[in-house]
Protein chains: 2
Amino acid sequence: MNTTIALKKIRTFFRKQKRLPTYQELADLMDFASKNAAFKLAQKLISTGYLERDEKGKLIPKRLFAPLPHSGIVAAGFPTVAEEELSDLVSFDEYLVNNPDSTFILNVSGDSMIDAGIHDGDIVLIDRTQPVKNGDIVVASVDGEWTMKYYHKINGAVTLVPANKKYQKIHPKETLEIAGVVISVIRKYH
Amino acid sequence: MNTTIALKKIRTFFRKQKRLPTYQELADLMDFASKNAAFKLAQKLISTGYLERDEKGKLIPKRLFAPLPHSGIVAAGFPTVAEEELSDLVSFDEYLVNNPDSTFILNVSGDSMIDAGIHDGDIVLIDRTQPVKNGDIVVASVDGEWTMKYYHKINGAVTLVPANKKYQKIHPKETLEIAGVVISVIRKYH
DNA sequence: ATCGTTGGTGAACAAATGTTTACCCTGATT
DNA sequence: AATCAGGGTAAACATTTGTTCACCAACGAT
């Protein structure tokens, strides 16, 4: 009956083991005496969209970790956290990362981009294949030093602009190597 | 020998399937004709610390997605503390959401929290069960209007403080309803 | 030249796994 | 009172899986 508690147990199992339980293990987990009960449970979880099967029929997690209702805007009227609409459920992994193979994570240290809302301790996602456009925030190596700055190219001359008046603009002379473009900023409290 | 290329293939497999390959699959992946070759490969990957076995002897990833000596970026001082290869292992869903059942998403509109690095258009994760502490950013309904502000309670008197000098502090008189605590801020460019 | 190691093939096999089929109980519906 | 669906048990079974054993080719070091 309670798929919620089942999900909870499966989640903790997956967190620990980094894999989904077998039917036998799932049965144990749920105190079922029969594998088949686990099998049926899995079916239900698939039909409710929490799990799915790969090409070989094996169970893999789907929405297992991100079933978040996405309600409207803070401003007006707002929210009794309404009915959870499946269509609005979001996996952050999919939402944030378009190119998993070329994306990596950086921990931000320093306050040179604070006026862009990037604080010390934030996490930043970098795509190293994405083409750089003016106004993008990039991670770059200038004359041997790595920084994170706004990127501006005017008449062929690149300027790296910090988002903090305390720091200077940079006009790279010798080397300028772009590690990638900041595609996302994440901050977690607590 | 090519444990590097093996790791690469295993990684992409894991990213797609969200599970490790069986020995048969690993053999196929590596163009081995024999499962045993895969078995031995796995042994090696275990002894080199990339994989490990759980209590039941099943393979689980260990250092599979751990920080790699990626050229350049790690080296010189600035922005990076650690670089990690991105994987579904570090699922943002898991990382960001502790209590899936009580967490929901809001789109931020307005600039009243801009000095806290929360900009118009950002996405914010709210936990509605988490206890509110002083200094937390909360989503609250004051006298019928919903806002996002810092929460301060001094001698029983609650003050809601914006992170923008343009706006006034709020001393709720009548109703004060807290929808939840901001646990995370997400901004996506492009 | 030979020896030992590394990395692979191939076959074999017990145990575990996914899945099906049949049956049962309980609470709700009619 | 009869029926029905949901959620569980129990048993059965083909397939797959992990693992072992024996063997082999290539190669570097001795």
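Bear in mind these aren't lab numbers, they're just calculated from the coordinates by the rules spelled out. Here the structure is a predicted model, which is why all the values come from computation and not from measurement. For neighbour counting, all protein chains shown are included, and Cβ atoms are generated from backbone atoms with ideal geometry for every residue, glycine included.
Going by C-beta contacts inside 10 Å, put B:Asp122, B:Asp143 in order with the fewest on the left. Write out the running numbers ahead of the final one.
Working: B:Asp122 20, B:Asp143 11.
Least crowded to most crowded, the residues run B:Asp143, B:Asp122.
When the chain is fully extended, how far beyond the present Cα-Cα distance does B:Gln43 get from B:His119, taking 0.36 nm per residue of separation?
Details: separation 76, 0.36 × 76 = 27.36 nm, distance 4.94 nm.
Once the chain is fully extended between B:Gln43 and B:His119, it gains 22.4 nm.
Taking each label point as 7 Å beyond Cα in the direction of the beta carbon, state the distances from A:Asn99 to the same residue in the other copies, shortest first, in nm.
3.9
Using R₀ = 51 Å, calculate the FRET efficiency as 1/(1 + (r/R₀)^6) where r is the Cβ-Cβ separation of A:Tyr189 and B:Glu55; round to 0.05.
Working: r = 35 Å, r/R0 = 0.69.
According to the calculation, E is roughly 0.90.
One decimal, nm, shortest first: give the distances between the label point of A:Val132 and those of the same position in the other copies, each label point 7 Å from Cα along Cα→Cβ.
The projected label point of A:Val132 is separated from its counterparts by 4.5 nm.
Take B:Thr12, project a point 7 Å from its Cα along the Cβ direction, then tell me which residues of region B:28-44 have their backbone nitrogen under 16 Å from it.
Correct set: B:28-32.
Kirkwood Rh and Cα-based Rg: tell me the resulting Rg over Rh for region B:89-190, rounded to two decimals.
Details: Rg = 13.9 Å, Rh = 14.2 Å.
My calculation puts Rg/Rh at 0.98.
Contact order normalised by length for region B:96-186, with contacts defined as Cα pairs under 8 Å and 6 or more residues apart; what percent is it? Working shown, then result.
On the way: 195 pairs, mean separation 28.6, N = 91.
Relative contact order comes out at 31 percent.
Can you give the mean number of other chain Cβ atoms that lie within 10 Å of the Cβ atoms in peptide B:36-49?
Values: counts 0, 0, 0, 0, 0, 0, 0, 0, 0, 0, 0, 0, 0, 0.
Taking the mean over all residues of the peptide, I get 0.
Within a 10 angstrom radius of the beta carbon, how do A:Asp111, B:Asp136 rank from fewest other beta carbons to most? Please list the in-between numbers first.
Working: A:Asp111 15, B:Asp136 19.
Going from least to most buried by this count: A:Asp111, B:Asp136.
Along the Cα-to-C-beta direction of B:Met30, a point sits 7 Å from the Cα; which residues of region B:1-21 have their amide N less than 13 Å from that point?
B:1-11, B:21
For B:Gln43, which inter-copy label distances result when the label point lies 7 Å beyond Cα on the Cα-to-Cβ vector, reported in nm to one decimal and in ascending order?
4.2
May I ask you to sort B:Met30, A:Met113 by Cβ crowding, counting other Cβ atoms within 10 Å and putting the fewest first? Working shown, then result.
Values: B:Met30 16, A:Met113 27.
So the residues, fewest neighbours to most, are B:Met30, A:Met113.
Could you pull out the pairs from A:Lys8/B:Lys153; B:Lys8/B:Lys58; B:Lys8/B:Lys35; A:Lys9/B:Lys35; A:Lys58/B:Lys188 whose alpha carbons sit more than 24 Å apart here? Write out the running numbers ahead of the final one.
Working: A:Lys8/B:Lys153 34 Å; B:Lys8/B:Lys58 20 Å; B:Lys8/B:Lys35 19 Å; A:Lys9/B:Lys35 33 Å; A:Lys58/B:Lys188 33 Å.
Cα-Cα > 24 Å for A:Lys8/B:Lys153; A:Lys9/B:Lys35; A:Lys58/B:Lys188; rest within.
Please give the average number of partner chain Cβ atoms lying within 10 Å of the Cβ of each residue in A:145-154, rounded to a whole number.
Details: counts 3, 9, 4, 3, 1, 0, 0, 0, 0, 0.
Mean shielding by partner chains, rounded to a whole number: 2.
Provide a whole-number value for the mean count of partner chain Cβ atoms within 10 Å of the Cβ atoms in peptide A:107-120. List each step's numbers first, then the result.
Details: counts 6, 4, 5, 3, 0, 2, 2, 2, 3, 4, 10, 3, 3, 0.
The shielding value for this peptide is 3.
Once each part is reduced to its C-alpha centroid, what is the distance from region B:132-190 to region A:117-190 in angstrom?
Comparing the Cα centres of region B:132-190 and region A:117-190, I get a distance of 32 Å.
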